[in-house]
1. Among B:Ala307, B:Ala285, which is in a helix (DSSP H, G or I), within 21 Å of C:Thr104 (Cα to Cα) and more than 10 Å from chain C (Cβ to nearest Cβ)?
2. Just checking, does the range B:182-193 include any residue being away from chain A (no Cβ under 14 Å), under 21 Å from B:Phe36 (Cα atoms) and surrounded by fewer than 23 Cβ atoms within 10 Å (Cβ to Cβ)?
3. So which of B:Ala230, B:Ala213, B:Ala241 is under 21 Å from B:Ile62 (Cα atoms) and either within 16 Å of the chain's Cα centre (by Cα) or in a helix (DSSP H, G or I) (or both)?
4. Restricting to the range A:191-203, what's the tally of residues that are closer than 21 Å to A:Gln87 by Cα and either part of a strand (DSSP E or B) or modelled with pLDDT under 90 (or both)?
5. For the structure I just gave you, tell me whether C:Phe20 is touching a strand residue (DSSP E or B) at 6+ places or on another chain (Cβ under 9 Å), in contact (Cβ under 8 Å) with a residue 60 or more places away in the chain, assigned to a helix (DSSP H, G or I) and not aliphatic (A, V, I, L, M).
6. Given the options C:Leu99, C:Leu32, C:Leu66, name the one that is more than 23 Å from C:Thr160 (Cβ to Cβ) and either in contact with a helix residue (DSSP H, G or I) (Cβ under 7 Å, 6 or more places away or on another chain) or away from chain B (no Cβ under 13 Å) (or both).
7. Quick check on the range A:86-93. Is at least one of its residues facing chain B (nearest Cβ under 9 Å), touching a Ser or Thr at 6+ places or on another chain (Cβ under 7 Å) and polar (S, T, N, Q)?
Amino acid sequence: MSAPALSTRQLSKRFDSLVVARDIALELPVGARYALIGPNGAGKTTLINLMTGMLAPDAGRIFLCENDITGLEPQERVRRGLARTFQINTLFAGLNALEAVTLAVCERRGLSREFWRNVAVHKEAIDEAHDILVKLRLGEICYQPTRELPYGRQRLLEIALALATRPKVLLLDEPAAGVPPEESSDIFEVVAGLSTDLALLFIEHDMHVVFRFATQIIVMVGGTVFAEGSPAEIAAHPGVREVYLGTRKHG
Amino acid sequence: MPVTAQMGLEPVGYLKAQTRWGAAETLFWLATPLPFYFLPAYLQLASQIAITALFALSLDLIVGYAGIVSLGHAAFFGTGAYAAGLFSKFVWGEPLTGLIVGAMVSSLVGYATSFIIARFRHLALIMLTLGFGLLLGAAANSASWLTGGSDGLQGVNIWPLLGRFNWDVYGYTAYGYSLVVLFVLFLFARRLIHSPFGLALRGIRENFLRMPAIGAPSRAHIRTAYTISAAMAGVAGALIAQTTQTVALDSLGFERSAEILIMVVLGGAGRLYGGLIGALVFMIARDQFSGIEPEHWYFWIGVLLVAVVVFLPNGILGGLSRFVAHWRAK
Amino acid sequence: MLPPVFGVLFDGIAYGMLLFLMSVGLSVTLGLMNFVNLAHCAFAMVGGYVAVLLIRNFGWPFFGTLPMAFLVAAVVSILFERVLYRPLYRRSDLDQVLLTIGITFVSVAAAAYFFGTQQQPIELPNYMRGSYHVMGLDIGVYRLFLIAVSAVITILLIGTIELTRFGAQVRAAVDNQRMASGLGINVERTFAITFALGSGLAGLGGALAIEIVGLDPNFAFTYLIYVLIVVAVGGLGSIAGSLAAAVLIGVSDIAGKYYVPQLGAFLIYLVMLAVLMWRPTGLAGRR
């Protein structure tokens, strides 16, 4: 069996007395479609922040294709193929979609230090950006400033920006957060259509979506991995039903 | 520009169209030689305006595009001025070499400080640029054996431009020289804004936090932008030293830093022409009001600032484009 | 006999106390609202001119003017907060910087218009003048008084912040604004009161400063720089940090002027840069 695309070992993090991650060991194989679920405050976003380097872990290691990336800066991890999206839109409000994705493509291609040539000479980079936008159904609105785009399109732009870095591993933090249910499946259709070379981990609260799109489900509770298994196993897991559904009743 | 008009364009064509010269732009530059013919008495002022516009343009690169609010940009203006002045006094009076020396010394200082600058945002950044500017000002003041202190640098000796044009009292040479340098560096800045690097700077301004998530080395970008901006400010400083044949201590001062920031914001930060328009309006206003008491001048500057922030948040150019958009929509 | 270094230290601490009074308000309001208020020293200057006016034209005793300096500065600041600052809380720091620089320009011009550009000396009561000779040092009575006043105010401030209900609200709001308003704290009102208090203290500082550093229209800019340095060095939102920073800057400034006068103000900028290099968020900064 080939090496996992992304793995963590004994990853731990605490804020003062609050443990947000304890001994997390995960393996994401190439082509994975994993869902990360758990009640609010379980540490799901924190885990993504730890893996992408936006938070430094107290202990533990992170490997990208067997390379230790624990000490790398976030942008360095991105360049090695670990990309993410954000639960709350984190976009370039004043740029249009074409400019934003071209920016990301230029960064990946190492063109972004070039200040003496017009960006329009890099036809390949621009076409690549445009292709990504078309694939994500953003082609016809790519000249509109981001802040004027409808919310659902902005969520897709989040994904487009991440794809422009040509990731091997993509971490999606609630890609359809705040989107009405009928549009939400649109977004997940796009996600499901992504290349199978890509290892994918997504956080999602809607169990229908999770059971429909995930091949494997990881359940986090209180900063630890509570259970992991196929959708059928998780559905049958008595502890998950109790903890997860029980908490949902209150939350 | 209306979005619909560009809908038919291919992405590359669209990005090219963004960088095409507009009519207003062309007219603006065609009008710049007019003072030679119609306002010969004001050529010295025109030269000062061109130099200030260059200084404002350099600040706009970091304030308007990279999102670095600097309250100490005069440090580089002054450094360039002293470098060029001292170079002409002790080494070589050829003006173009002097410009290069000014640019190089300023960019070196800018590059060295950029490592500190790039680590901070917001208040700490404002404080650091302010503190650094004050530090250099205090240093120039205490090194009066070299800089002439508050009397200004004496003995600046600039040879005729290109060996042919003398520095006449009317300012024909001074304005021609300043204008050409401004135009060349404006072309450079314009190209920079439309380059991949310029796109990255706009990215930093629009969302600093997202940049690492698309693999961008924001700090390295900020260092580059800061160094380039310092070099341009240094050229502006060198120009002022050469055209006025002296360097005053206040070319490094806090007032100068504050004024240039005011001009950029008055014109409209992050609009390439914002600094130019701001410098033009500000300098002409100051010239017109030069007869009044300085405290009255500062009173109106203050009122103007408050008014711009409250009523014209994107400066003159921002207000104009809003007005035009409103008018077109009718 | 004590060596002169103790005299320098004493003067430096007294000067630092003055800086503390003028800067603590800005530090707390910055920590609270992240509002970059470069007009803070304009409010200090208001206090100074109120004192001058009352003493000169109305024959008030020096001590009587101090509460008025506090009060007028506080009231003026509330007006500005209401009308101009409040709409700008969510705007960029650039806008805030420009607005408040603008206000400072206007205040400088107004002071010059009404009072002229010259220094405004005031007469201190006799018992405030002169100095004690202790172990070979000159201990200025007024400086001793300054230290005492500041010590009392520090204790009052820390007591208010640590022990009262209002103080708890301020602390909560500085810590986490969203959480605080979620708990039913009226953050805007808390801020307005803190802002007025801070500006009042600046006004008091401005009045007390006349005897030490003088008063002219440029005060609002000259001491703004000192105040900003104290705030940056001390760390936002921290009273103890401001106190430590004010003393550090005060002592450095006096020591620099005494031992290496040719360096001018160079030394305190160096101190500031050094502290910020070491601790980017200041001595007591958390983030």
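The values are calculated or read from the model by the stated rules, or taken from the named source; none is laboratory data. It should be emphasised that the depicted structure is a prediction, and the values quoted were computed from it without experimental measurement. Cβ: placed from backbone, ideal geometry, glycine included. Neighbour counts: every protein chain shown.
1. B:Ala285
2. So far as the range B:182-193 goes, yes, one or more of its residues are away from chain A (no Cβ under 14 Å), under 21 Å from B:Phe36 (Cα atoms) and surrounded by fewer than 23 Cβ atoms within 10 Å (Cβ to Cβ).
3. Matching residue, one of B:Ala230, B:Ala213, B:Ala241: B:Ala230.
4. Quick first cut of the range A:191-203, residues closer than 21 Å to A:Gln87 by Cα only: A:191-194, A:198-203.
Checking the rest, the ones that are also either part of a strand (DSSP E or B) or modelled with pLDDT under 90 (or both) come to A:191-194, A:199-203.
The number of residues fulfilling the criteria is 9.
5. Working: touching a strand residue (DSSP E or B) at 6+ places or on another chain (Cβ under 9 Å): no; in contact (Cβ under 8 Å) with a residue 60 or more places away in the chain: yes; assigned to a helix (DSSP H, G or I): yes; not aliphatic (A, V, I, L, M): yes.
When the stated conditions are applied, C:Phe20 does not pass them.
6. C:Leu99
7. No: zero hits.
Residues are listed down the side, and each one gets a yes or a no for (1) modelled with pLDDT of 85 or more; (2) assigned to a helix (DSSP H, G or I); (3) within 9 Å of chain B (Cβ to nearest Cβ); (4) under 21 Å from B:Leu125 (Cα atoms):
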residue: C:Ala240; (1), (2), (3), (4): yes, yes, no, no
residue: C:Leu243; (1), (2), (3), (4): yes, yes, no, no
residue: C:Val247; (1), (2), (3), (4): yes, yes, no, no
residue: C:Asp253; (1), (2), (3), (4): yes, yes, no, no
residue: C:Val275; (1), (2), (3), (4): yes, yes, no, yes
residue: C:Arg287; (1), (2), (3), (4): no, no, no, yes
